[in-house]
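In what follows, a structure is listed as structure tokens, so that the remarks can point back to it.
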Amino acid sequence: MIRDAKFLMSKRLYAVAPDSLTLAAKTYHVSVRAVWFRRKNGVTAACIGQLWDFQRPAPVDAAEFLRRHDDGRYGGHCEGRWDGTRYWGAQEPEVVEQHLALLRPMLAAYPAAPPGFDGWWRF
């Protein structure tokens with residue numbers, strides 16, 4: 001992935017949580033927590049989910065994961081989305097509240113990456 005200094009909606013950029021690397025040892029499935037903005041029909045939405053890849057050998061940290069992650073055809077795996085009016089995603093009330101606690105201020109601060117996330121990354 002490539003790190004961009006400036007946010008441009010047209011580049012499909014992601015902000016990642018550097019301390020969120022997870023590994024599934026036997027399958028080499030690796031992921032990091034990510035947030036991003038998307039626009040559809042003129043409505044901007046804040047999204048939360050993960051960027052994932054299969055990497056062997058397993059990366060030691062999120063920085064190595066991002067350096068080696070070069071296939072962006074699937075984009076981020078979205079787990080929740082807030083457009084200022086409607087929420088789409090998880091059904092469990094506690095997960096919905098966790099998502100909205102991050103997505104509401106993120107959308108209000110558009111185009112800034114939320115605290116704790118390193119942005120902006122693209123394929």
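What follows draws every value from the coordinates through simple rules; no lab data is involved. No experiment lies behind these values; they were computed from the predicted model shown. Note that we place each Cβ from the backbone using ideal geometry, even for glycine, and neighbour counts take in every protein chain shown.
Out of the strands (runs of 3 or more DSSP E) lying entirely within region 1-66, which hold 2 or more residues that are within 19 Å of Glu79 (Cβ to Cβ), touching a Cys at 6+ places or on another chain (Cβ under 7 Å) and not acidic (Asp, Glu)?
Answer list for region 1-66: 29-40, 43-54.
When you scan region 14-70, how many residues do you find that are loosely packed, with under 13 Cβ neighbours inside 10 Å, of a type in the set (A, V, I, L, M) and closer than 24 Å to Gln98 by Cβ?
Qualifying residue count, region 14-70: 2.
Taking only region 70-113 into account, find how many residues are of a type outside the set (D, E, K, R) and under 30 Å from Arg56 (Cα atoms).
Residues flagged as of a type outside the set (D, E, K, R) and under 30 Å from Arg56 (Cα atoms) within region 70-113 amount to 8.
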